[in-house]
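**Student:** This structure is in structure tokens; I'll ask about it shortly.
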Amino acid sequence: MIHLLRWLTLVAFLSAPALADEVTTFNLDNGLQVVVIEDHRAPVVVQMVWYRAGAADEKRGVSGIAHFLEHLMFKGTDTLAPGELSKIVEANGGSDNAFTSWDYTAYFQRIAADRLELVMRMEADRMRNLTLSEDDWRTEREVIIEERNQRTDSDPGAIFGEQRRAAQFLNHPYGTPVIGWRHEMEKLTRQDALDWYRLYYAPNDAVLVVAGDVEPEEVRTLAEKYYGPLAPSPGIKPRERPQEPPQLSERRMTFSDPRVSQPYVTRSYLAPERNHGAQEKAAALTILADILGGNGQTSVLARKLQFDTQQAIYTSASYDGTSLDPMTFNLAVVPAEGVSMAEIEAAMDAVLADFLETGVDADQFERVKTRIRASMIYADDDVNGLARRYGEALTTGLTIEDVQAWPDVLARVTPADVMAAAAEVFDRRHAVTGWMMRADAPEVMQ
């Protein structure tokens, strides 16, 4: 009965027109953009501060500084001892964390709605009043180096991914890992961190997103009280990054490591990002990724390679256009036992060629669009997800109107749009193909 009610609820949602989120936005005099997303179903609030500065904004030679400062932000201020912010949040029944990407750095707390003023006061304090002792920054530099040891250097898949991205982006800083290159991380200094902090951690380079059981006027009053007095940074310039030169031929690479337990083939194609007022191509690529590899049972790659020919034990396709600059459309295939790397790559190419020739199956197309719409509806039940949706968009060149239009843009995508996007993106001259192999593998990439 529960499953039936859930299904009926979903059908009702899918049959209804998309509703815009209850969103209010305003700017403070110092340039801080504030976004309030109302959701009164539970007495919970999420505060997120997003800075329009990530790993792709770093200067050459100091890779990892954005992520390094993310760690240092949990040190003290003039009024908070190191680690005290997180302890206070936890003592009040909440949780907090932060994350860094190529395009942004974000900090958040999830807590009872009546504690919003508490976390807003502390977050505003560390936006401009961070203090770093000699012990603080040296200890934390060792922490991020150890993080790289555990998450990258000890994982052959992570190393392979890092090398492939570097091969994909020869000039654009998306080719530099967010955590940084180890030899540059080891040289990061307190001054590097302070230079980054003083320039980018400013109200005129940030977006404050508050989602949950709040009223817009309440948030405005608190934001003006705590963030309003903070001075803006005068040196923030438009985000103009080095761009890729035209890629004229496919790049191919192999990576062998004795720790590899399962070999696989990947390919990434340069692909356009979502753009303000022009999200149609990104929407078509989003649906294309789901059609090709979004479901382990019904996607094109899974049906052809995992079930029909049984040449693969896993397949995937992925695309995320929420980035400031062009990113990638990605494919991966794990061969079954006894299937060589050359054979599985040829099989993947044959499936792609057949798809480009025969087009989208009409029934599958409708199922995919329904599944995507359903996932977006269910995502609205999570205030953290709502806050993240808007924060990511507003730090990568999109607007609130773009976020709210996205479901309708997806709904208008046609099979012809998907095939046009596939024909444009699936150009081997703009791709990087990689083989991840065991160290004793006899195969050689052709």
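**Student:** Can you tell me which residue among Asp320, Asp308 is open to solvent by 50 Å² or more (accessible area, probe 1.4 Å), farther than 22 Å from Met253 by Cα and in contact with a strand residue (DSSP E or B) (Cβ under 8 Å, 6 or more places away or on another chain)?
**Tutor:** Asp320
**Student:** Something else now. Determine which member of the set Gln47, Gln33, Gln109 is more than 30 Å from Glu140 (Cα to Cα) and at pLDDT 95 or above.
**Tutor:** Of Gln47, Gln33, Gln109, the one residue that is more than 30 Å from Glu140 (Cα to Cα) and at pLDDT 95 or above is Gln33.
**Student:** Also, quick follow-up: So, Arg274, is that one among the charged types (D, E, K, R), crowded, with 22+ Cβ neighbours inside 10 Å and more than 30 Å from Ala347 (Cβ to Cβ) or not?
**Tutor:** Taking the combined requirement at face value, the residue satisfies it.
**Student:** Every residue in the stretch 411-424 that is touching a Lys or Arg at 6+ places or on another chain (Cβ under 9 Å) and within 26 Å of Val334 (Cβ to Cβ), please.
**Tutor:** If the condition is that a residue be touching a Lys or Arg at 6+ places or on another chain (Cβ under 9 Å) and within 26 Å of Val334 (Cβ to Cβ), then Ala421 is the only one that fits.
**Student:** Can you confirm whether Leu398 is at pLDDT 95 or above and part of a loop (DSSP other than H, G, I, E, B)? Explain how you work it out, then say what you get.
**Tutor:** Numbers: at pLDDT 95 or above: yes; part of a loop (DSSP other than H, G, I, E, B): yes.
For Leu398, the condition - at pLDDT 95 or above and part of a loop (DSSP other than H, G, I, E, B) - is met.
**Student:** What pairs come out if I take residues in the stretch 348-366 that are more than 24 Å from Val334 (Cβ to Cβ) and pair them with residues that are among the hydrophobic types (A, V, I, L, M, F, W, C) and open to solvent by 20 Å² or more (accessible area, probe 1.4 Å) whose C-beta lies under 7 Å away, six or more apart or interchain?
**Tutor:** As it stands, the answer is Gly359/Met419; Val360/Met419, since those pairs meet every condition given.
**Student:** For the stretch 116-187, list the helices (runs of 4 or more DSSP H) that sit wholly inside it and hold at least 1 residues that are touching a Lys or Arg at 6+ places or on another chain (Cβ under 8 Å) and at pLDDT below 95; which are they?
**Tutor:** Per the criteria, 134-148.
**Student:** Note down all Cβ pairs under 7 Å where the first residue falls in the stretch 76-89 and is assigned to a loop (DSSP other than H, G, I, E, B), the second is open to solvent by less than 20 Å² (accessible area, probe 1.4 Å) and of a type in the set (Gly, Ala, Ser), and they're at least six residues apart or on different chains.
**Tutor:** Pro82/Gly76
**Student:** Can you find even one residue in the stretch 164-176 that is hydroxyl-bearing (Ser, Thr, Tyr) and open to solvent by 40 Å² or more (accessible area, probe 1.4 Å)?
**Tutor:** no
**Student:** Run Glu244 past the list (1) in a helix (DSSP H, G or I); (2) touching a strand residue (DSSP E or B) at 6+ places or on another chain (Cβ under 8 Å); (3) surrounded by fewer than 21 Cβ atoms within 10 Å (Cβ to Cβ) and report the number of the one that doesn't hold.
**Tutor:** The single condition Glu244 does not satisfy is (1).
The values are calculated or read from the model by the stated rules, or taken from the named source; none is laboratory data. All figures in this text were calculated on a predicted structure; none of them were measured in a lab. Counting neighbours? That spans all protein chains shown, and the Cβs are built from the backbone with ideal geometry, glycine included. Accessible surface is based on the protein model in full, side chains and every heavy atom, while ligands, DNA and RNA are left aside. Shrake-Rupley method; radii C 1.70, N 1.55, O 1.52, S 1.80 Å.
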